[in-house]
Amino acid sequence: MRKGILLGLILMACAYAGNAQYGGGGWGRNRQYRRDRMEEYQNFKPTLDVSIGYGFPNLDKYLLTDFYNYYHGSTTQTGPIIANIDYHFTPRMAIGVMVNYGKVSRPYYNDNSGEQSFTGSLTNTAVLLSFTRYMGMSQKIMPYTRTAIGINTGQAKYLNSDGSKAADGDDGTSLAYQVGLGCQFNVTKHGGFFVEAGYGKYIISGGLKMSF
């Protein structure tokens, strides 16, 4: 909880910093804003942005099934590992593909005996179409919002301790999505790092970003 609050405060500060150039008010402010926007478009060159990061927690755990007369224990997780390829085609917009990969597993216990009966696990790869909207006019600190939608292609397995099948798993595709608010910090012209908070595949993520 504290980490989520801290990240929210950081992102709010980033949004403020990214829009700091807007100062002033009234008619003069509007004229300056229009001049800044024209200069922004004139100086902009499209880029191909590649990023890789790690999310926490792995919300694929909610894709595991709950069974009647059984309760589950704590979930162990790997990932999600997040990779994005985005075409940044205007100063404020980018479109691309997001790929998530991760694993989750948890034990299931019998309600009556309290003993572990079997283990459920899910290995999932999700492919999503991603839309990014950048805010502010700073080239060093760039707040953004992300909306992504696609499909999960995970395979769930429910196995007894001897390796035999305890229940049928879900092997079909399902809806995947991610919405988030983040901030990109450009350390150089061609690279930097990002932090993001959201919901769907993960709650908090961070990683490196490169532009070509």
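The values are calculated or read from the model by the stated rules, or taken from the named source; none is laboratory data. Treat the numbers as computed from the prediction; the structure is a model and nothing was measured. Note that each Cβ is placed from the backbone with ideal geometry, even for glycine, and that neighbours are counted across all protein chains shown.
A few comments on the model shown:
- Within the stretch 171-203, the set of residues being surrounded by 17 or more Cβ atoms within 10 Å (Cβ to Cβ), assigned to a strand (DSSP E or B) and aliphatic (A, V, I, L, M) comprises Ala176, Leu181, Val195, Ala197.
- Strands (runs of 3 or more DSSP E) enclosed by the stretch 63-151 - at least 2 residues per element that are surrounded by fewer than 16 Cβ atoms within 10 Å (Cβ to Cβ) and under 17 Å from the mean Cα position of the chain (by Cα): 76-90, 93-110, 116-134
- Phe212 being surrounded by fewer than 16 Cβ atoms within 10 Å (Cβ to Cβ), of a type in the set (A, V, I, L, M, F, W, C) and touching a helix residue (DSSP H, G or I) at 6+ places or on another chain (Cβ under 9 Å): no
- Put simply, of Ala166, Ala94, Ala176 the only residue that is of a type in the set (A, V, I, L, M) and touching a His at 6+ places or on another chain (Cβ under 7 Å) is Ala94.
- Members of the stretch 153-170 found to be basic (Lys, Arg) and surrounded by fewer than 13 Cβ atoms within 10 Å (Cβ to Cβ), listed by number: Lys165
- Here Asn84 meets the list (1) farther than 15 Å from Gly180 by Cα; (2) out of contact with any His (no Cβ under 9 Å at 6 or more places or on another chain) almost entirely, failing just condition (1).
- Pairs with Cβ under 9 Å, 6+ apart, first in the stretch 162-184 and farther than 27 Å from Ser117 by Cα, second hydroxyl-bearing (Ser, Thr, Tyr) and modelled with pLDDT under 90: none
- Matching residues in the stretch 152-170 - criterion: being at pLDDT 90 or above, part of a loop (DSSP other than H, G, I, E, B) and closer than 27 Å to Val97 by Cβ: Thr153
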